[in-house]
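Some notes on the structure that comes next.
Where a number appears in this text, it was derived from the coordinates with a stated rule and is not lab data. Keep in mind that this is a model prediction, so the values were computed, not measured. When we count neighbours, we look across all protein chains shown, and the Cβ atoms used for this are built from the backbone with ideal geometry, even at glycine.
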Amino acid sequence: MTIPFNKPHLTGKEAHYMYQAVADGKLSGNGAYTKKCQQFFEDRYGFKKCLLTTSCTDALEMAAILCDIKSGDEVIVPSYTFVSSALAFVRAGAKIVFADSMQSNPNIDAEKIEALITPRTKAIVPVHYAGVACDMDRIMEIANKHNVLVVEDAAQAIDSYYKGRPLGTIGHLSAFSFHETKNIIAGEGGMLCINDERFIRRAEIIWEKGTNRAEFFRGEVNKYGWVDTGSSFLPSEVIAAFLWAQLENLDEIQSRRKHLWELYNTGLSPLASSPNSLIALLGLPEYATNNAHMYYLVCKDLEQRTALIKHLKEHDIQAVFHYLSLHSSTYYADKHDGRDLPECDRYADCLVRLPLFYDLKDEQVKYICDKIVTFIG
Ligand SMILES: Cc1ncc(COP(=O)(O)O)c(C=O)c1O
């Protein structure tokens, strides 16, 4: 039996809470489970306001509306990221100015951002790849100096920290994903977090189709109506009920994933020091924590990565590469300004992700490490 790259983990209470939501007779969004989940995140991490969404992509689209992105505005986004980090802003009319990754890890190189700022820059979107923090002090310093907004794409970054501060609490806005490949899942799901209080009221309105329905149900206004733009960004209570079962087990899920991650790291560390093999260690800067979202290797070139993935497949292990550079994608290549982004291209060619999920067994990790060591040896 093949060891899959990912297998969604169920805590056992999901169906029970989903049934409970049905039995309570409140299935549309912003009900009891939605409120419980949002409160959980606000209490645990200190976000000023959380709003569950149907995906991280939706949360990023809400962020683009809140940033008031208009045609011709520029948004700085790393090229090594998922489509949504850029697409959400493109849909609002932005021109994406792609930034390169660091040499030491795939995150945006904060030192190269300032040179990309122009009078049209509206926002910077740092993506915490693999749940590892970008250099947020430097990014906020540049943003404040030039009066631009920061939207953290924290899709992979639940329960991870930058200098002791939870990721997603530092930028003006941030977006998380609960897609089935993430540490905490809801099938499809996401969350917008608002740290700058100026945006809270408008965010609630955008969330509920441009209406002030949330204020009405809190008794703050005596009727509700259409007051702004928006969409149906909120998930149903069934999704929130599923997510609640996961949140109750967040610490246990994190501790199991970190254990597996450490097993990989112990098994593969020796490879990092071998001159022409693989860089086995995730480049964890001293300011960042590891939330065990991912274990990846960076091969020396595309040829080596292709051979490694094939070798693992022959041993029933599914290892996968990740993003293709967005600046040279079919959709954006002719809109890109032509700058080379060599670090991004290197990660697109050389990075490979290994299976990492809650139900993966210790012996399976040891088996995978063995097969990689044999390949290199
Ligand atoms: C960095 C990043 N941003 C955004 C997304 C989009 O998340 P969702 O599938 O919840 O829309 C993903 C999904 O994997 C991602 O990895």
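Any chance you could run the full-extension gain for residue 83 through residue 284? It's 0.36 nm times the residue separation minus the Cα-Cα distance, nm to one decimal. Don't jump to the answer; show the numbers that get you there.
On the way: separation 201, 0.36 × 201 = 72.36 nm, distance 2.40 nm.
Here the segment from residue 83 to residue 284 would lengthen by 70.0 nm.
Amide H to amide H distances under 5 Å link residue 161 with 167, 289, where only residues 5 or more positions off or on other chains count and H is placed in the peptide plane.
Scalar couplings 3J(HN,Hα) for the stretch 121-132, obtained by applying the Karplus form with A = 6.51, B = -1.76, C = 1.60 to θ = phi - 60°, are 5, 9, 8, 10, 10, x, 10, 7, 5, 6, x, 9 Hz; x denotes Gly and Pro.
Between residue 13 and residue 43, take the C-beta separation as r, use R0 = 25 Å, and let me know the FRET efficiency to the nearest 0.05. Working shown, then result.
Details: r = 20 Å, r/R0 = 0.79.
For R0 = 25 Å, the calculated efficiency reads 0.80.
Here residue 26 and residue 331 are evaluated by their C-beta separation; at R0 = 56 Å the FRET efficiency comes out at 0.90. The separation of the stretch 1-34 from the stretch 42-75, counted between C-alpha centres, amounts to 24 Å. Calculated FRET efficiency, residue 361 to residue 307, Cβ-Cβ distance, R0 = 30 Å: about 0.70 to the nearest 0.05. Summarising the label geometry, the points placed 7 Å from Cα in the beta-carbon direction at residue 339 and residue 223 lie 5.2 nm from one another.
Backbone amide hydrogens, once placed in the peptide plane, bring residue 317 within less than 5 Å of 3, excluding anything fewer than 5 places away on its chain. When only Cα pairs below 8 angstrom with a gap of at least 6 residues are kept, the stretch 96-250 shows a relative contact order of 14 percent.
Placing dummy labels 7 Å off each Cα toward the beta-carbon, the span from residue 70 to residue 209 is 2.8 nm.
Going by neighbour counts of Cβ atoms within 10 Å, the residues 207, 226 line up, fewest first, as 226, 207.
Roughly what % antiparallel, to the nearest 5, for the DSSP beta bridges in the chain?
About 60 percent, rounded to the nearest 5.
Under 5 Å between amide hydrogens, built in the peptide plane, is the criterion, and for residue 49 it picks out 194 among residues at least 5 positions away or on other chains.
Residue order for 295, 287, 331, fewest other beta carbons within 10 angstrom first, comes to 331, 287, 295. Each peptide in 299-309, 147-157, 18-28 gets a packing score, the mean of other Cβ atoms within 10 Å over its residues, and the list from highest to lowest is 147-157, 299-309, 18-28.
The fewest-to-most ranking of 45, 33, 80 by surrounding Cβ atoms within 10 Å reads 45, 33, 80. One quarter of the convex hull surface built on the alpha carbon atoms of the stretch 76-231 amounts to 10.3 nm², the projected area averaged over directions. Span-like helix criteria (full DSSP H runs; alpha carbon extent of at least 27 Å along the helix axis; mean Kyte-Doolittle hydropathy of at least -1.0) are satisfied in the chain by 250-272. Across all C-alpha atoms in the chain, the radius of gyration and Dmax reach 21.0, 72 Å. Under the criterion of Cα pairs below 8 Å and six or more residues apart, the relative contact order for the chain equals 22 percent. Distance between the pseudo-spin-label points of residue 258 and residue 35 (7 Å out from Cα toward the beta carbon): 3.3 nm. Over the stretch 38-135, Cα pairs under 8 Å with separation of 6+ residues give a relative contact order of 26 percent.
In the stretch 91-247, what percentage of the DSSP-assigned beta bridges are antiparallel, given to the nearest 5? Don't skip to the end; give the middle numbers.
On the way: 10 of 16 bridges.
The antiparallel proportion sits near 60 percent.
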